[in-house]
Amino acid sequence: MKSLSTKIFLSFFLVIIIFTSLILLFTFKTTREHYIETFAKDLRNLNLTIIKPVKQYLISSDYDSLREYINEHGKNINIRLTVVDSTGFVLADSKSDPMLMENHMSRPEFQKALKGSNDATLRYSTTVHDEMLYVAIPIYVSGDLLGIARVSMFLSDIDALTTRLASDIMNIAAVILVLILIGILFFSRKLSKPLTQLSQASRKVALGDFDIKVFIKGRDEINELAVNFNHMTERLKALFDLVTSQKEEYQTVISSIQEGLIVTDTSGKILLSNTGFHNIVKTNNVLNKTIENIFQDEQVLELFRSVLKKKKPQTNEIRIYESYYICSANYIALKNEIVLLFHDITSIKRLETMKKDLVVNVSHELRTPLTAIKGFVETLEDEANERDKHYIEIIKRHTDRLINIVQDLLNLSELEERQSQVMLSKVDLRVLLENLTKIFEYKLSEKNLKLIIHVDEAFPKIKIDPFKMEQVFVNLIDNAIKYTDAGFVKIKIFQKRDRAIIEISDSGVGIPQEHHPRIFERFYTVDKSRSKKYGGTGLGLSIVKHIVLLHHGEINVENNPDGGTRFVISIPIKLKIKPISS
Ligand code: ADP
């Protein structure tokens, strides 16, 4: 690569050489022409000077004297003199023997002279074998042509002069040229030096050295460029410092987070991780590994794939080694990356298990004494008088409620068991409902309620756990009767795409909208006194929800347009159950 100064120097050098050559050429040409013109004028004057004596010799036909005169004068002034007669016959010539010379009438200078022009002629002389400058003037006597006098000189004499002049000019030009070239060399160095400085500085900036500064003297554009360059590096340095400090800050924040955090690309390769995560997976060596390498369990991978597919945040409870975590995964559209955050819930989980165990244990412990109380109360009832019977009735009702609660709690605990299994078999819901409704006949007729059952004709047998599903129907129908004073209880079953839809609605008191989100929580009741009146425990809907979830289904509550409540259950028709957490 040629340097800038070399390029500038060579360009100027070329231009100057071309221009100098052209100027010299033009100067030589004009100088030579000027010389020729000046000599032509001198020749003309000389011719006019010699013409007078020549004319006398011609008139007197004294050719010998003429020749003598011509030879002598020609020798003295180193000029060739020639005289021809009116026919072109050479009478005298100072450089050659006229006897040996051919007729000269056809020579251009003589032709020109005869036509009245005394312009000079430049041509090659065959007589003396050299280029010569001629001026010929005719000699007339009383209108008759007597002869023609010609004066001529060698062009080499003129060229010798011009060559001397040219060599002088060339010498001066060469000196000037050298001086100019030295100037250009200096100028090109001066021009390229700051640019080289800037180029070297920018290379250092590219390598990350933002402290570099360029100082260039002067007040021209290059100096302005250097000032701007310095500003630019200062700004870059400030930005870089900002980015670095932000990065450090963000790394400190990330590493100080107790929760495990990783960022992966869409292939699952880990791009960023914090200490929390290293502690969870018990290794620091996670960067650039895929999550498949890190997690043997499918749970995290499933969550990852699901978030990648749906591009929406999702949360799952997962187990890593002996600990439990809430894993939140989110897709960052801007970077096409996925963030996974692991929050340790092992202690909460342990507490939950302890609470569950306590409930189960207490329920178990309470069952026997409660059954005994119930038995003794019934024995007492037979022997009691009217006043005591009233109190025994109250004790019996409360004992029944307690037994119900204990039973429901045990049911719920069993359903919440992680390993809780569903025993699937193909069931015709029509038959199941037919058997069930018998239980409610008394309660229905007591309140004068109508039970409407509608199962779609095409509705197939479906795979469910019949005992658990029976519990769902019992709880929902029982509630519907409990909270309806007049009207109907309706069960509608049909298929919608690949799901079975079960609707249980009533024309009862309904559930105000604000209670809908919490209605499936344990012990949640809308109207406590009414629930108590019917021996409600507040656990029925929790049990229903758990069973539906075990069937991979969903349950929602709605308000009937004409009043009353509607529970809508949707479960997959082709159910393939594997143990799931409830
Ligand atoms: P409970 O044993 O109190 O009935 P549930 O869990 O079965 O407990 O129901 C929770 C609460 O939901 C009930 O206390 C009641 O207020 C309300 N509820 C349930 N089903 C109905 C219904 N069909 N109509 C009106 N309210 C209902």
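In segment 1-82, how many lysine pairs have Cα atoms under 30 Å apart, counting only pairs 8 or more places apart or on different chains?
Numbers: K29/K41; K41/K52; K41/K55; K41/K75; K52/K75; K55/K75.
Within segment 1-82, the lysine pair count is 6.
Divide by every residue of the chain the summed helix terms, -39500 (n - 2.57) for each DSSP H run of at least 4, and state the resulting mean residue ellipticity at 222 nm, rounded to the nearest 500 deg cm²/dmol.
-18500 deg cm²/dmol
Say each of S11 and D527 gets a label point 7 Å from the Cα, pointing the same way as Cα to Cβ; how far apart are those two points in nm?
Modelled inter-label distance: 9.8 nm.
Can you spot the aspartates and glutamates whose alpha carbon is less than 16 Å from K356's alpha carbon? Ignore those fewer than 8 places along the same chain.
Cα-Cα hits under 16 Å: E365, D408, E414, E416, E417, E521.
Which residues' amide hydrogens lie under 5 Å from the amide hydrogen of F89, considering only partners 5 or more residues apart or on another chain, with H built in the peptide plane?
H104
Rounded to whole Hz and in sequence order, give me ³J(HN,Hα) for segment 398-409 from the Karplus expression 6.51 cos²θ - 1.76 cosθ + 1.60, θ = phi - 60°, writing x for Gly and Pro.
Each residue of segment 398-409 in turn: 5, 5, 4, 4, 4, 4, 4, 4, 4, 5, 4, 5 Hz.
Filter K311/K461; K269/K309; K312/K545; K461/K482; K490/K545 down to the pairs with a C-alpha to C-alpha distance above 27 Å, please.
Working: K311/K461 37 Å; K269/K309 16 Å; K312/K545 25 Å; K461/K482 30 Å; K490/K545 19 Å.
Exceeds cut-off: K311/K461; K461/K482.
Which whole number of Å³ per residue matches the convex hull of the alpha-carbon atoms in the chain?
Numbers: hull volume 223.6 nm³, N = 582.
Hull volume over Cα atoms, normalised by residue count, gives 384 Å³.
Where the accessible area of the chain is counted over protein heavy atoms with a 1.4 Å probe, how much of it, in %, is carbon and sulfur?
Summing carbon and sulfur atoms, their accessible area is 57 percent of the total for the chain.
Between V178 and A333, what length comes free when the chain is fully extended (0.36 nm per residue of separation minus the Cα-Cα distance, one decimal in nm)? Write down the numbers at each step before the final one.
Details: separation 155, 0.36 × 155 = 55.80 nm, distance 6.86 nm.
Taking 0.36 nm per residue and subtracting the Cα distance, the gain is 48.9 nm.
For the Cα atoms of the chain, what angle does the longest principal axis make with the long axis of helix 346-383, in degrees from 0 to 90, nearest 10?
That works out to roughly 20 degrees.
Convert each backbone phi in segment 148-156 into a coupling constant with the Karplus relation 6.51 cos²θ - 1.76 cosθ + 1.60 (shift: θ = phi - 60°), then list the ³J(HN,Hα) values in order as whole Hz, x for Gly and Pro.
My calculation for segment 148-156 gives 9, 9, 10, 10, 8, 9, 6, 5, 4 Hz in order.
Report P(r) for segment 4-161: all Cα-Cα distances, bin width 5 Å, range 0 to the bin holding the largest distance, values in whole percent.
Reading the bins upward from 0: 2, 9, 16, 19, 16, 10, 6, 4, 4, 4, 3, 3, 2, 1, 1, 0, 0.
Full extension from S256 to E414: what is 0.36 nm times the residue separation minus their Cα-Cα distance, to one decimal in nm? Let's see the in-between values first.
Details: separation 158, 0.36 × 158 = 56.88 nm, distance 4.02 nm.
That pair, S256 and E414, stretches by 52.9 nm at full extension.
How much length would be gained if the chain were fully extended between V227 and F488, taking 0.36 nm per residue of separation minus their Cα-Cα distance, in nm to one decimal?
Values: separation 261, 0.36 × 261 = 93.96 nm, distance 8.97 nm.
Net length gain for the segment: 85.0 nm.
Quick one: net charge around I403, please, counting Lys, Arg +1 and Asp, Glu -1 for every other residue with C-beta under 10 Å from its C-beta. Don't jump to the answer; show the numbers that get you there.
Numbers: positive: R367, K374, R401; negative: D400, D408.
Computed value for this residue: +1.
Compute the label zone of F295 within segment 236-276: residues whose backbone N is under 19 Å from the point 7 Å along Cα-to-Cβ.
Only 258-276 fall inside the zone, counting backbone N under 19 Å.
Over 22 Å between Cα atoms, which of K396/K438; K496/K574; K396/K450; K374/K528; K426/K574 qualify?
Working: K396/K438 25 Å; K496/K574 13 Å; K396/K450 30 Å; K374/K528 24 Å; K426/K574 10 Å.
Among K396/K438; K496/K574; K396/K450; K374/K528; K426/K574, the Cα-Cα distance tops 22 Å for K396/K438; K396/K450; K374/K528.
Check cross-link reach from K335 to the aspartates and glutamates: straight Cα distance under 12 Å, and skip same-chain residues fewer than eight apart.
Leaving aside aspartates and glutamates fewer than 8 places away in the same chain, those within reach of K335 are D265.
With every protein chain present, what is the per residue accessible area of the chain (1.4 Å probe, Å²)?
Numbers: 35020 Å² over 582 residues.
Averaged over the residues of the chain, the accessible area is 60 Å².
What FRET efficiency would be calculated for the residue pair A160, L4, taking the C-beta separation as r and a Förster radius of 45 Å, to the nearest 0.05?
Values: r = 47 Å, r/R0 = 1.04.
With a Förster radius of 45 Å, E is 0.45.
The values are calculated or read from the model by the stated rules, or taken from the named source; none is laboratory data. It should be emphasised that the depicted structure is a prediction, and the values quoted were computed from it without experimental measurement. Cβ sites come from the backbone with ideal geometry, for glycine too, and all protein chains shown count toward neighbours. Note: areas computed on protein heavy atoms with side chains; ligands, DNA, RNA excluded. Shrake-Rupley method; radii C 1.70, N 1.55, O 1.52, S 1.80 Å.
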